[in-house]
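*Asks:* Have a look at the structure that comes next, please.
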Amino acid sequence: MDEIKNKNKNKNNNIPFPYVYYQCTCQVVSKIRKDIYFSTFQFPLKEPVESEINSTTISHFPPTHFNHHRLKSIYDLFFCPSCCELHCPDCVKNDFLCFYCPNCLFDVPQASVVSEQNRCIRNCFECPICFNVLTVISQQDTINTTATDDEQTVYFLACNVCQWKSLEINLSFDKSTGLYLQLQKKESILPHEVEFQNLRNHYDKCLRSNNNMNNINTKRLSALFGNTSSFLYSPSIISHIPDLKTKLIQAKRDNNQISDEYNNSSENKDTQVMEDELEMINLKNLENMDELTSLKQKLNQPEDQPRYLKQLRIHRIPLRVKLQTKCDKCEKILVKQEVQKMKKPSNIRFSIKSFARDYIPNIFIQKIIPNNKLHKDIPVQVLLKFVNPLSQEISVSISTLPNKQNEDKMDIDMDSKKNSPIITPKFSSRKSSLNLSPILSPILSPKKRKKPSLKISTAPIIPINPTTTTKIKNPYKENAGVATCNVTVLAKSFKIPAYDPTKEFENDTESNEQNQVGIFEKKKNSVSIIVEVRPTGDIGDRVEFPILVTYSFVNNEKEVNNETPISPNYAELSHGVQKFVSFWSVIGIGEISKECFD
Amino acid sequence: MSDMSVKDLLHQTALNQLSNKRTTAYGIDQKIIIDIGSLYIKFGLSGEASPRQCLPNRIYENIEHCPEGVLVEGDIKPLYQLVLNPFEIPEIYERFKEQVKLIFYRFMMSDYKHKRKVLIAENLLLPLELKNMIAAVLFEYMNVPSIIFAPSQLLAITSVGKKTGLVVDCGYLETTVLPISDYGCLLHSIKTMPCAGQDISNNLKKLIIENASISFDDGKIFPFSKYPNYSDEILTNYIIEDIKASVCFVGLKPDSTEIIYDEKTHHISYRSSASEIGYPIENRRIKILIPGWVRERAAEILFDEERNEASVISLIIDSIKSTPTDIRKSLLQNILLIGGTSMLPGFCYRVSQELKERLKEDHLENLVKEVTIIRSKFPANTATWIGGSILGSLKYEGQEVTLQQWNETHKVPDWSNYSILNEEENQI
């Protein structure tokens, strides 16, 4: 079991090198909630935890799983200008702007979306075999009809990809237009549709027949919802569908004519078994699988889940939707596409976009020196380029996880204790106490925990459980990367000049003023710093390390400019106030390869 | 904006009533029905005759890195297991969140503005943690106005219009037998066994590795066991599920002459007249040749009392025996098989045959002729959902957990804390 898990994990972690990924704020929130959950076994509410988030709390929670799933590239992230936080697609609110068919790009009004079961009502159909688009073909196109002058051209649908034809399921049309209406007639007499209608009418009748009893029933009903109840303490009440029983039984007593049993049209009682036996025998003598449907095809037709290709039906193409994105916290719209009066789904312009790349310093790996394969204990220098997209000067400070001095991976715990630098986001150090969770839980209860978490000196709460700690520790042990290198940053803090669009195409004329130690070069609105990485892990380990970036800026603009998306709208920031924002990012530079002594 | 949407909704209701008979007349009240299985989530709107989709619980590798409309689908993996480690809840939470996101935004197209209530078909013995997790995702992430929990077996029995019956739920993780009388679950008679679809899948995989062979397009055939390393790669959960769903079936009870017991390896194999099938993989270049008896006997573990100490039949018998004598007859007349595993061809036949035999052995001869398996027009795995859809479209109120209640108590009602919803009255 574990092996499989590891395999999966490795699969997930096949991020091609090199990369720079960012940790979203919501990961911190969920980590805190997870920690509280593990210590108290109660899932904490979101809001109180969210309000705790600031640049200090974030610094306590470095990214732990290095898998694709949780880390995002900067192009996937949003930045809410009013709460100054990163957001990822997981922690935003989405609502719908418009619905459209991906095939004909026809904008479907919201009103007809539901009644049409979210499918296109025009002539867009999906191939039941390979799920591509079907096209209408007239019979005469394919077969030169000989003298049969019926003048009735037969139309059918065909798939250009897998050559499937709707004739295979005996489906053809008289007209080439309005296919849906022709199909609908056939669909409405399908056995499951008829049965469903019958059933619903049956229950509807039962419930309506005792409408006069409604007063009593509503009382009973409300009792079931917990308004007045003394006789409902028995938990067995929950095993009823409330009200239904009373109403239906009442109906029976009131009116014996209405059969309280739904009558399946008189069928031989053994038909089910007989059919089943027949199908079993069919399958027993099956010769090949050409006629059988695949699981995907079955699931695409959940109403009867046919076993044979002949029973497949044509479905209309499901609609797609355009979403607009809002900040989860303050409901500020982050991304909105331009919707004109004539909503054209093909329009791809945005009216609002607050992507993170326009707000936070963008980090690039500029160069790896020497750009060879990575070997154990041979340090390489990584040039990290920080680009400031803002129109203000920002100052950036960087910190990394404490380096480990010892080669042995198991000693992480020890080392982190020894070093105990300012920020020690180590979970393993508290491992010994993990098993005492029930005893600790009162101490670690969320209310008491809140305050200390704000102080830098307190280590973050650790997930208290054997299984998950291994899971969370995994990235450091199995996925190796992090623990497999020592990282040294010389320039821990520096300033990046503002982005100035007018200088965009100017040549670099900057004089080589005396650079700060550890800074490679300064260009326009970017600064490249030197990071020394010494891989220490085994062969095949991934070399990746997290860095904590905190940047601060002062809002110089007196009037906020709402229009241009490039210049951020820090509406809540009063003039001249310094604001700190921090986030974790993970940088991966490669794998440790075999040493060769050529 | 809100005026607009109300207008839209009203317009839509009118449209529904006029043009489309299939949707409910109470357009605004349409609920979202979700039947959360461990392997498949069935969902759709109430009042519709089939779920919109059966969504397998996959591992999605990186949705957010794909352009809209493209999902990188990993293998199928059950959302949770029977043995539930509380520490796994956060992971389940994340996975379930992904699924909910897909369901609401992509398939249902219903955002938080629609304020659709959600009806969830729950297993009566669903762990409270899972229930809380489900509620947490739906309330916090999707802002649903309220959730109704309804017992899945009860929903299933409404899908055939009965009020009394014996519901045999053979799903992916476990098999449960629950008698229902007059819309009441006789919980003391519930019988379960932790052996169902998943065990068939595991068994099938084992049998394929041991007994199947691979044929290449150039005509060469090798036994599968020669490639033990590839078995996990080729036989992913999806492939196994596909094999199970398309070519497996349940044969009759094996004769003693049909069973071959290998003394050395302790492997049991069967003689069978079923044909060998080539299951194509990798663009049809390679075929897995599955022997007929493997197809026929993969599901044998469900009926193998010697190995499991329980079988589907023994569960039914035990359950029947623990019910009052006066309802036994009507229970046996209304046996309803639900759950995806019971869709295996021959399952129904086998159950009815074997049940009759066992009743004879147990001196309940008078009941033998009563055994009837209800014929449902809906596939067995969506029966529960259909029931939910019917109930959701009726004008009746169910016991709801509202968003407000959730925000106050952060708990969902259950056996253990049913009083949450009645707290005020308790104090009086």
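*Asks:* Mind checking the mean number of beta-carbon atoms from other chains within 10 Å of the Cβ atoms in B:241-247? Intermediate values should be presented prior to the final figure.
*Replies:* Details: counts 2, 7, 2, 1, 8, 11, 5.
Average neighbour count from other chains, rounded to a whole number: 5.
*Asks:* Going from the alpha-carbon gyration tensor of the stretch B:226-354, what semi-axes, largest first and in whole Å, does one get by taking the root of 5 times each eigenvalue? Before the final figure, lay out each step's value.
*Replies:* Values: eigenvalues 216, 67, 35 Å².
One finds semi-axes of 33, 18, 13 Å for the stretch B:226-354.
*Asks:* Binning at 10 angstrom from zero up to the longest distance, how are the C-alpha pair distances of chain B distributed in percent?
*Replies:* 4, 19, 27, 25, 16, 7, 1, 0, 0
*Asks:* Rank B:Met109, B:Met193, B:Met142 by mean-square fluctuation in a GNM of chain B with C-alpha springs under 10 angstrom and give only the top-ranked residue.
*Replies:* Highest fluctuation among the options: B:Met109.
*Asks:* DSSP loop trypsin sites (Lys or Arg not before Pro) in the stretch B:116-171 with at most 15 other Cβ atoms within 10 Å of their Cβ, which ones? Please list the in-between numbers first.
*Replies:* Working: sites: B:Arg116, B:Lys117, B:Lys131, B:Lys162, B:Lys163; in loops: B:Arg116, B:Lys117, B:Lys162, B:Lys163.
Counting only loop positions with at most 15 other Cβ atoms within 10 Å, none of the trypsin sites (Lys or Arg not before Pro) in the stretch B:116-171 qualifies.
*Asks:* GNM, chain B, Cα, under 10 Å: largest mean-square fluctuation among B:Ser215, B:Ser38, B:Ser389?
*Replies:* B:Ser215
*Asks:* Which order do B:Leu155, A:Leu283 fall in if you start with the one that has the fewest other Cβ atoms within 10 Å?
*Replies:* On the way: B:Leu155 27, A:Leu283 24.
With the fewest neighbours first, B:Leu155, A:Leu283 line up as A:Leu283, B:Leu155.
*Asks:* Output wanted: per-residue J couplings in Hz (rounded whole) for the stretch A:578-587, from phi through Karplus 6.51 cos²θ - 1.76 cosθ + 1.60, θ = phi - 60°, x for Gly and Pro.
*Replies:* With the stated coefficients, the stretch A:578-587 comes to 7, 10, 9, 9, 10, 7, 9, 9, 10, 10 Hz.
*Asks:* Can you show me the helix-derived [θ] at 222 nm for chain B, built from DSSP H runs with n ≥ 4 at -39,500 (n - 2.57) apiece and divided by the number of residues, rounded to the nearest 500.
*Replies:* That calculation yields -10000 deg cm²/dmol at 222 nm.
*Asks:* Hey, another quick one. Place +1 on the Cβ of every Lys and Arg and -1 on the Cβ of every Asp and Glu in the stretch B:197-302, take the dipole about the Cα centre, and give the residue among B:Ile214, B:Gly197, B:Phe249 whose Cα lies farthest towards its positive end.
*Replies:* B:Ile214
*Asks:* Within 10 Å of each Cβ in B:124-136, how many Cβ atoms from other chains are there, averaged over the peptide? Before the final figure, lay out each step's value.
*Replies:* Numbers: counts 2, 0, 0, 0, 0, 2, 0, 0, 2, 1, 0, 1, 4.
Rounded to a whole number, the mean comes out at 1.
*Asks:* Shifting gears a bit: Other chains near A:282-294: what is the mean number of their Cβ atoms within 10 Å of each residue's Cβ? Before the final figure, lay out each step's value.
*Replies:* On the way: counts 2, 14, 11, 4, 9, 4, 6, 9, 1, 0, 6, 3, 4.
Partner Cβ neighbours, averaged per residue: 6.
*Asks:* Can you sort B:Arg106, B:Arg307, B:Arg52, A:Arg349 by how many other beta carbons sit within 10 Å, fewest first? Each step should come with its number before you reach the end.
*Replies:* Working: B:Arg106 18, B:Arg307 12, B:Arg52 22, A:Arg349 9.
Arranged by neighbour count, lowest to highest, B:Arg106, B:Arg307, B:Arg52, A:Arg349 become A:Arg349, B:Arg307, B:Arg106, B:Arg52.
*Asks:* Please identify the chymotrypsin sites (Phe, Trp or Tyr not before Pro) of the stretch B:104-189 that satisfy two criteria: DSSP loop assignment and at most 11 other Cβ atoms within 10 Å. Which are they?
*Replies:* Working: sites: B:Phe104, B:Tyr105, B:Phe107, B:Tyr112, B:Phe139, B:Tyr141, B:Phe149, B:Tyr172, B:Tyr183; in loops: B:Tyr112, B:Tyr172, B:Tyr183.
Passing sites in the stretch B:104-189 do not exist.
*Asks:* Does the stretch B:280-346 classify as rounded, prolate or oblate by the C-alpha gyration tensor (a ≥ b ≥ c root eigenvalues; a/c under 1.5 gives rounded; else a/b over b/c gives prolate, otherwise oblate)? Don't jump to the answer; show the numbers that get you there.
*Replies:* Working: a/c = 4.63, a/b = 2.47, b/c = 1.87.
The shape class here is prolate.
*Asks:* With +1 assigned to the C-beta of every Lys and Arg and -1 to the C-beta of every Asp and Glu, and no other charges, what is the dipole magnitude of the stretch B:197-302 about the Cα centre in debye, to the nearest 20? Before the final figure, lay out each step's value.
*Replies:* On the way: 13 positive and 16 negative charges, 27 e Å.
Computed about the Cα centre, the dipole is about 120 debye.
*Asks:* Dividing the Cα convex hull volume of the stretch B:197-302 by residue count, how many Å³ per residue is that?
*Replies:* Working: hull volume 11.7 nm³, N = 106.
Normalising the Cα hull of the stretch B:197-302 by residue number yields 110 Å³.
*Asks:* Quick one: which residues, 5+ away or cross-chain, put their amide H under 5 Å from the amide H of B:Gly74? H built at 1.01 Å from N.
*Replies:* Those lying under 5 Å, H to H, from B:Gly74 are B:Ile59, B:Tyr60, B:Glu61.
*Asks:* When the C-alpha atoms of the stretch A:315-365 are aligned to their principal axes, what extent does each axis show, in angstrom, from largest down?
*Replies:* 46, 29, 21
*Asks:* Past 32 Å, Cα to Cα: identify those pairs from A:Lys296/B:Lys97; B:Lys131/B:Lys163; A:Lys34/B:Lys244; A:Lys326/A:Lys385, in the order given. Walk me through the numbers before you get to the answer.
*Replies:* Details: A:Lys296/B:Lys97 22 Å; B:Lys131/B:Lys163 26 Å; A:Lys34/B:Lys244 37 Å; A:Lys326/A:Lys385 30 Å.
Check vs 32 Å cut-off fails for A:Lys34/B:Lys244.
*Asks:* In debye, nearest 20: dipole of the stretch B:255-336 around its Cα centre with unit charges on the Cβ of K, R (+) and D, E (-)?
*Replies:* Numbers: 11 positive and 14 negative charges, 87 e Å.
For the stretch B:255-336, the charge dipole is close to 420 debye.
*Asks:* While we're looking at this one, here's another question. Hey, in the GNM for chain B with a 10 angstrom Cα cutoff, which one of B:Ile120, B:Ile221, B:Ile268 fluctuates hardest?
*Replies:* Result for chain B, Cα springs under 10 Å: B:Ile268 fluctuates most.
No lab work stands behind these numbers, since they all come straight from the coordinates. Keep in mind that what you see is a predicted model, and the values were worked out from it rather than measured. In this analysis, Cβ positions are derived from the backbone assuming ideal geometry, glycine residues included, and neighbour counts consider all displayed protein chains.
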